[in-house]
Amino acid sequence: MPDVDGLEAEAAEVLPEHVLGYFRGPTGAYGVPTDAERWSQVRFRPHVLRPTGGLSLATTVLGTPVASPVLVAPMAQQRAAHPDGEVATARAVARRGTLLGVSTNTGVRFSDIDAVGAPWWFQVYVMDDRAVTGELVTRAADAGAKALVLTVDAPAVDPRRPELEPRTWPERYGMQVNIPGGEDGGIVFRGSGDLSVADIGWLHELTGLPVVVKGVLRGDDAAACVEAGAAAVVVSTHGGRCLNQTVRPADALPEVVAAVGDRAEVYVDSGVRTPEHVAAALCLGARAVFLGRPVLWSLATGGDRRVEQLLEGFDTQLLRVLRSLGVGSLDELGPDLVV
């Protein structure tokens, strides 16, 4: 499979500096490398002499069949990586039979993404203007989104990180093309800092779609989300973009899984860079794992074909890792296989 570090190095050769800085986000002691390093510290305790010939990666997420538990995370500004943006990513996702997350700040119209045929979930920030949020999620639902992903871990943007603010870029890349009033770049996006668990039910009532809460790192918060009607939660540090020194997803995941039980599904992202990381997450209780930056690097260096190669490589090597763990089905994965 493609080497993720090599992909990033290739992308650094072709992306403008401000775009590269935005995609990379925080680095060093508090950012993504720490999330990835923590995944790499998980150790496997494999079974031996177990039949694995019938192993399949096929599963479901909120009832949608997918060929693999490796999904593509919602990421903004994909047209800054490739002119086709999420349409290119969706093509790769469709060919691999998996699922795509679509960002509020996509530069591609929902209808163009949906026309590709890949199942997709819409990631939403609740904005200060609730009417705008309501119309936005209704547009997504009408266009074919199968779920809403409510991001809850970004109530404030760090002003010390100007590269995280695409509104200052010389190019717009169609940012906010789906947001009411933002089609010509006229709206200034502002997320609301006044969220509560009541917003889970509000979004569901508006659209009839299941709501996935993204950015949960505590068991008590996960339980509160589920009690308020969430169909799933995503254990996530937002790719290290929001708050320094948070607990790592690999450490938070078992607590969240225990708190949720069988009442909702649990997914994870942030720092996932290898099939071994995916396997570790599945053993710790995640039903599926979202890939982020590796997809962006692939998109920037080869469009949909490179993204497809990345996903295919993850699936092929994930099968190898799981067989090496001695499991014959995804249902056999559990915390006894890791330390």
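GLY240 fails exactly one of the following numbered conditions: (1) among the small types (Gly, Ala, Ser); (2) under 29 Å from ASP142 (Cα atoms); (3) buried (at least 20 other Cβ atoms within 10 Å of the Cβ); (4) at pLDDT below 90. What is the number of that condition?
Going through the list (1) among the small types (Gly, Ala, Ser); (2) under 29 Å from ASP142 (Cα atoms); (3) buried (at least 20 other Cβ atoms within 10 Å of the Cβ); (4) at pLDDT below 90, GLY240 breaks only (2).
Are any residues in segment 267-326 closer than 18 Å to GLY97 by Cα, buried (at least 22 other Cβ atoms within 10 Å of the Cβ) and touching a His at 6+ places or on another chain (Cβ under 7 Å), and if so, which ones?
LEU299
Please identify the pairs in which a residue from segment 130-149 that is at pLDDT 95 or above has its Cβ atom under 9 Å from the Cβ atom of a residue that is surrounded by 24 or more Cβ atoms within 10 Å (Cβ to Cβ) and of a type in the set (Lys, Arg), counting only partners at least 6 apart or on another chain.
Short answer, once both residue conditions are applied: VAL149/LYS214.
Out of (1) under 17 Å from the mean Cα position of the chain (by Cα); (2) modelled with pLDDT of 95 or more, what's the single condition that is false for GLY326?
Checking GLY326 against (1) under 17 Å from the mean Cα position of the chain (by Cα); (2) modelled with pLDDT of 95 or more, the one that fails is (1).
Going by what's in this entry, would ALA222 be described as surrounded by 24 or more Cβ atoms within 10 Å (Cβ to Cβ), at negative phi and aliphatic (A, V, I, L, M)?
yes
Which residue is surrounded by the most Cβ atoms within 10 Å (Cβ to Cβ), if the candidates are limited to segment 113-140 and must be in a loop (DSSP other than H, G, I, E, B) and of a type in the set (Val, Ile, Thr)?
Per the criteria, the residue is VAL126.
Kindly provide the set of residues from segment 253-280 that are assigned to a helix (DSSP H, G or I) and either touching a residue at least 60 places away in the same chain (Cβ under 8 Å) or not β-branched (Val, Ile, Thr) (or both), ordered by number.
Residues satisfying the conditions are LEU253, PRO254, GLU255, ALA258, ALA259, PRO275, GLU276, HIS277, VAL278, ALA279, ALA280.
Each row is one residue, and each column tells you yes or no for (1) out of contact with any Asp or Glu (no Cβ under 9 Å at 6 or more places or on another chain); (2) among the polar types (S, T, N, Q).
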| position | (1), (2) |
| --- | --- |
| ALA264 | yes, no |
| TYR267 | yes, no |
| ALA279 | yes, no |
| GLY303 | no, no |
| VAL307 | yes, no |
| GLY313 | yes, no |
| GLN317 | no, yes |
| GLY328 | yes, no |
| GLY334 | yes, no |
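Take residues that are at pLDDT 95 or above, under 20 Å from the mean Cα position of the chain (by Cα) and crowded, with 19+ Cβ neighbours inside 10 Å and tell me which of the strands (runs of 3 or more DSSP E) falling wholly in segment 1-110 contain 3 or more. Before you say what the answer is, go through the steps one by one.
Details: elements: 59-61, 64-66, 70-72, 100-102.
Because the criterion is at least 3 residues that are at pLDDT 95 or above, under 20 Å from the mean Cα position of the chain (by Cα) and crowded, with 19+ Cβ neighbours inside 10 Å, the strands (runs of 3 or more DSSP E) in segment 1-110 that meet it are 70-72, 100-102.
One line per residue, one yes/no per condition, for (1) touching a strand residue (DSSP E or B) at 6+ places or on another chain (Cβ under 7 Å); (2) modelled with pLDDT of 95 or more; (3) not charged (D, E, K, R):
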| residue | (1), (2), (3) |
| --- | --- |
| ARG218 | no, yes, no |
| GLY261 | no, yes, yes |
| ARG273 | no, yes, no |
| VAL278 | yes, yes, yes |
| ALA286 | yes, yes, yes |
| GLY292 | no, yes, yes |
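For ALA230, all conditions in the list (1) more than 16 Å from the chain's Cα centre (by Cα); (2) crowded, with 24+ Cβ neighbours inside 10 Å; (3) over 21 Å from MET127 (Cβ atoms) hold save one; what is the number of the exception?
Failed condition: (3).
The values are calculated or read from the model by the stated rules, or taken from the named source; none is laboratory data. Bear in mind that the values here come from a model prediction, so they are computed numbers and not experimental data. Glycine also receives a Cβ, built like all others from the backbone with ideal geometry; neighbour counts cover every protein chain displayed.
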